[in-house]
Amino acid sequence: MRKVWDIHGGIHPLENKDQSNQLPIEFAGIPEQLVFPLSQHIGAPAVAIVGVGQKVLKGEMIAEAKGLVSVAVHASTSGEVIAIQDNPVPHPSTMSAPCITLKSDGKDQWIEHQGINNYLNLDRTELVNHIRNAGIAGMGGAGFPSAVKLSVRGEQTVETLIINGTECEPYITSDDCLMRERADEIIAGIEILRYLINPMKETLIGIEDNKPEAIAALNRAAEGTAINVVSFPTKYPSGGEKQLIQILTGKEVPAGGLPGDVGIVCQNIGTTVAIYRAIAHGEPLISRITTVTGNACDHNTNYEVLLGTPVSYLLDHSGFHQKKCSRLIMGGPMMGFTLENSNVPIVKTSNCILAPTVDELPPPTPAQACIRCGMCAEVCPASLLPQQLYWFSRGKEYEKLEDHNLMDCIECGACSYACPSNIPLVQYYRASKADIREQKQDAIKAEQSKMRFEARQERLDRQEAEKEAKRKARKLAAEERARDNNNPDPIQAAIDRAKAKKASVKSEKPAAENATESLDRARLKEVLANVEKRLVTAKEKLKQAEQQGSDNVEAFRTAVEKTNSKYLKTKQELITFNAVNPALSDSSSMPAEKKILTGDAAQDAIAKALAKRDAASSMTDEERLQNAVSAVTKRLQKAQQKLAEEQRQEGEHIDLLTNAVAKLDLKLADADAAYQQFQNNNHD
Amino acid sequence: MALLNITSPHTSGPLDTGKVMQLVLIATIPGVLALHWHFGWGVLINIVWASIAALGAEALALALRKRPIKFYLSDFSVLVTAVLLAISIPPYSPWWLITVGIVFSVLIAKHLYGGIGYNPFNPAMVGYVVLLISFPIEMTTWASPRQAYDGQLPSLIESITVLFSGRDALPIFSLDGITMATPLDILKQNSTLTVEDLWTKFPQFGQWGGLGWEWANIGFLAGGIFLLTQRVFTWHAPISMLVSLTVMSAFFYDSGSSISGGSPLFHLLSGATMFGAFFIVTDPVTSAVSNKGKIIYGALIGVLLYLIRLWGSYPDAMAFSVLLMNFAAPFLDYYTQPRTYGHAKKDRSKSEGGQ
């Protein structure tokens, strides 16, 4: 006997499996109308590829997968598409969703299909593609696309492949009967899985010990293979993926992680059969085994049901008495959800239709006060403290809820079952989880708008700083020109500068334009260099983020794209500029008129430069310098404030802001020095 | 067709709060019978009177709080409080003493502190402490056990008379020897005799833990084991309390000199030890909830129990020890949160404060 581990907690509700597992699986028949929801799985809904009025054959794809995490839908019998519209679907919220409605023609005519003779000759990716095209989603509960589970490997190696035949929910026997009757197909399906994911250590089928016939059948079928059938004591919820992994391997899936993180892949029994049929016979997933049970039905058994068959059709076949029925449940009594309407179809994840009488599952009694007896904590398979979670849920204390790991609750219902006060604990947790998710979404949104705002602010500041720098550079250039022309006496120079400026505005327009032009070119080059630098940094950051698998990869990618487009744009500008203003050295000798004629853009630029110059020249130098000092001071203050804020919040941009403050400090010193010098010069 | 739409799970276990409380009541029977056998009708009369008073007080509180009276009375929780307090009050106490205790337990310690499930302190023990502090003489004169007293214990009629008219109304209570110091009292007062001498000098010491007391303790132990088998509570708190009491008394026993604290067996079977361990310490509302928390909670109660028994100024210390630890329960819960599946052990020293 292989060693098995125990899980914490668990309960032993009445099994009630004998009602439905006595008879062999029956084919339920072909209903007149079938309804195929486009979303029967986790991920993006499939997209309809048929039109109303179109004739389809059995097994024909009627909706294709949209994207990687999605699953195709196939017609389960031949007939005519009569509607593509919203219909009630099996969902706890009793919602409607897009569905394809098919009117069967009764011929049940297959589309041409062919199995793969020797899949070992096939490439793994190709094989996974076959599975993807067959529309297979996990048939245990959540309906996760099987192809995704089988293809996303990365660098993880799989040690153990676990096939989940636990079926720990009371009443349900669909996997039980499948294992009894089709053990060979299951083993063949597992062999395909083994080829695909190549488990290094072992392949295990986990079954609760209340299914001796199934265990015997699988043991017979698995003889001579590397597949190991492991049975363990019956206890709810052993069939939860995380619980089964713990029972069979003693390992725990880390919080927020996947079984792959501990080298394990889990698949449901039903899924293995679907994979076998897809590969060996080329049949897509168009039917499943569904238990119909409960005392409100005369005939309790397992049906092979064409997907899309209305629940009411199955109930009609089972001698259903609505008057006796307390509620209609899809799934089991612990985790199943009630159906408000029996017109919903059987989908890929529908393992059971439970129609209990009032005596069987009486309506819930009013909840009494929690006496903190701790029975819920005793039975919780995740080792949570449900009574604490309940208090926090009632008080909407979301931080404490997260601190007490509410998000690790698997909603198995053991706590509610054990609660002597009949408190609907799981419902409290569902509501709180939804609230927390919503809050998180809101927080992310707020953070994003904050980032957007800050980025905008930073951009505006930067533009301001660039303008400032340009103004300074222009001034310096003009001063130098003036100094070169005249004597080096500072006072005289200043006077001359003023004169020269006036003169240049009046009579030396071309010269000023030349200066502007050369400055523009320098500016463009400078900007280009800057953008290039930023592009390199952004790329580095992106690379880093990608290596670390950070959440911000997307943000960095957009940043790189943006910077790149800016880089290209600036480059384009420079090229255009060079084209418009050929060799700078020549331009000084060129008549102004010629240049003005070269294009409207240039003309605009010149007009702007002139206007700026005029505005600047109307200020005295002292004023301008004073202005510069006060502007830089203001900016420094602002930057310091920002830095303080950031430090208080321990944000990520402290370094950046510290740099900025230091730079501004230097700038202020410069501006101050210039101003002082000017004043000294004037007062000497 | 529209069908009932409710969320999972759709089935629930066999226990409900009313049944849990009834099981607790049933489990007190062996201990109560032992007390009755040794101390007479006073024990049962205490229980009956306390139950009547408690139902009345609960109904009143529910009416004042505008709660459905029948629904809440049917959870039997107030009867448990009444029975536990009645067992703690000396037999042949006057009606008003019991009533004051019950009214304080139910109105103040239970409803004013938030009602069932919300009260931070064990209501029965709050009532007991209020009585002990307010009426120390009435609360510390226990009747003599049947074997230690050579007269007749009061009859049923006499006992009822005592309930309504007080002990003075009955000539029998003026007789010497109808009330006696409990073994715990004697041991605490003693500073000259060895434990062995005490046993020969005082008739009430009995075999192990005092005449009557030892059988009452064994009765409550049996009831506690029954509750454990019914999974009404887990072993953690009571067993750790008994173990820590054993360790403490073994440590200070010194094989029976005049300053000895008494043997472990004496402490386990004397006073309210077993009653406390299985019926008071296990009160779910006011104790720690995680298993580790329960172990610490129980162990500290055992330590406090011994310390107050030996060096405190009250003969028995169950109520004080439990109330002191009721304070600590939320704190214990915070630091003993079990490791969740898939998580590393939580390091609380790194997080802020004990909230």
The helix B:318-335 Cα axis meets the longest alpha-carbon principal axis of chain B at an angle in degrees, between 0 and 90 and rounded to 10, of 20 degrees
Sorted largest first, the C-alpha extents of the stretch B:70-119 along its principal axes in whole angstrom are 32, 20, 16
Chain B: relative contact order from alpha carbon pairs under 8 Å, six or more residues apart, as a whole percent, is 18 percent
Rounded to the nearest 10, the angle in degrees between the Cα long axis of helix A:654-683 and the longest principal axis of the Cα atoms of chain A comes to 10 degrees
Evaluated at 20 °C and 1.002 mPa s, the Stokes-Einstein D of the stretch A:260-332 based on the Kirkwood radius over Cα pairs, in µm²/s, stands at 148 µm²/s
Averaged over residues of A:383-390, the number of beta carbons from other chains lying within 10 Å of each residue's Cβ is 4
With +1 at each Lys and Arg Cβ and -1 at each Asp and Glu Cβ, the charge dipole magnitude of the stretch A:123-283 around its Cα centre, to the nearest 20 debye, comes out at 220 debye
Computed about the Cα centre, the charge dipole of the protein assembly as shown from +1 Lys/Arg and -1 Asp/Glu charges at the Cβ has a magnitude in debye, to the nearest 20, of 2900 debye
Taking Cα pairs closer than 8 Å and at least 6 residues apart, the relative contact order of the stretch B:16-181 in percent is 26 percent
Placing +1 on each Lys and Arg Cβ and -1 on each Asp and Glu Cβ in the protein assembly as shown, then taking the dipole about the Cα centre, the residue among B:125, A:70, A:669 whose Cα reaches farthest towards the positive end is A:669
For the protein assembly as shown, the charge dipole (Cβ of Lys, Arg +1; Cβ of Asp, Glu -1; about the Cα centre) points to a positive end, and the Cα of B:81, A:564, B:164 closest to that extreme belongs to A:564
From DSSP H assignment alone, runs of 4+ in chain B each adding -39500 (n - 2.57), the sum over residues rounded to the nearest 500 puts [θ] at 222 nm at -16500 deg cm²/dmol
In Å, the C-alpha Rg and Dmax of the stretch B:47-92 are 11.3, 36
Relative contact order as a percentage, the stretch A:375-437, C-alpha pairs under 8 Å and 6+ apart, gives 38 percent
Expressed as a whole number, the average count of other chain Cβ atoms within 10 Å around the Cβ atoms of A:418-430 is 4
For the protein assembly as shown, the charge dipole (Cβ of Lys, Arg +1; Cβ of Asp, Glu -1; about the Cα centre) points to a positive end, and the Cα of A:243, A:157, A:537 closest to that extreme belongs to A:537
Taking A:304-311, A:280-287, B:11-18, A:255-262 and ranking on average Cβ neighbours within 10 Å, highest first, one gets A:304-311, A:280-287, B:11-18, A:255-262
So the angle from the long Cα axis of helix B:77-88 to the longest Cα principal axis of chain B, reported in degrees to the nearest 10, equals 20 degrees
Pseudo-spin-label distance residue A:498 to residue A:438, built 7 Å along Cα→Cβ, given in nm, is 6.9 nm
By the Cα gyration tensor axes a ≥ b ≥ c (a/c under 1.5 gives rounded; else a/b larger than b/c gives prolate, otherwise oblate), the shape of the stretch B:231-337 is prolate
Using the Kirkwood radius over Cα pairs of the stretch B:16-181, the Stokes-Einstein translational diffusion coefficient at 37 °C and 0.692 mPa s, in µm²/s and rounded to a whole number, is 200 µm²/s
Computed curve, chain A, Cα-only Debye sum without solvent term, log₁₀ I(q)/I(0) at 0.07, 0.09, 0.10, 0.11 Å⁻¹, is -0.67, -0.85, -0.97, -1.12
Asserting the computed 222 nm helical MRE of chain A (DSSP H runs at least 4 long, -39500 (n - 2.57) per run, divided by residue count, to nearest 500) equals -16000 deg cm²/dmol
At q = 0.15 Å⁻¹, the log10 of I(q)/I(0) for the stretch A:102-201 from a Debye sum over equal Cα scatterers comes to -0.82
In Å, the Kirkwood estimate of hydrodynamic radius for chain B over Cα pairs equals 21.5 Å
Rounded to a whole number, the Stokes-Einstein D of the stretch A:375-437 in µm²/s (Kirkwood radius over Cα pairs; 20 °C; 1.002 mPa s) is 191 µm²/s
Where a ≥ b ≥ c are root eigenvalues of the Cα gyration tensor, a/c under 1.5 meaning rounded, otherwise prolate if a/b exceeds b/c and oblate otherwise, the stretch A:17-154 counts as rounded
Each residue of B:112-121 has, on average, a number of other protein chain C-beta atoms within 10 Å of its C-beta equal to 2
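Bear in mind that the values in this text are calculations on the coordinates, not laboratory data. From a predicted model like this one, the values you see are computed outputs, not experimental measurements. Because the Cβ atoms are built from the backbone with ideal geometry, glycine has one as well, and the counts that use them run over all protein chains shown.
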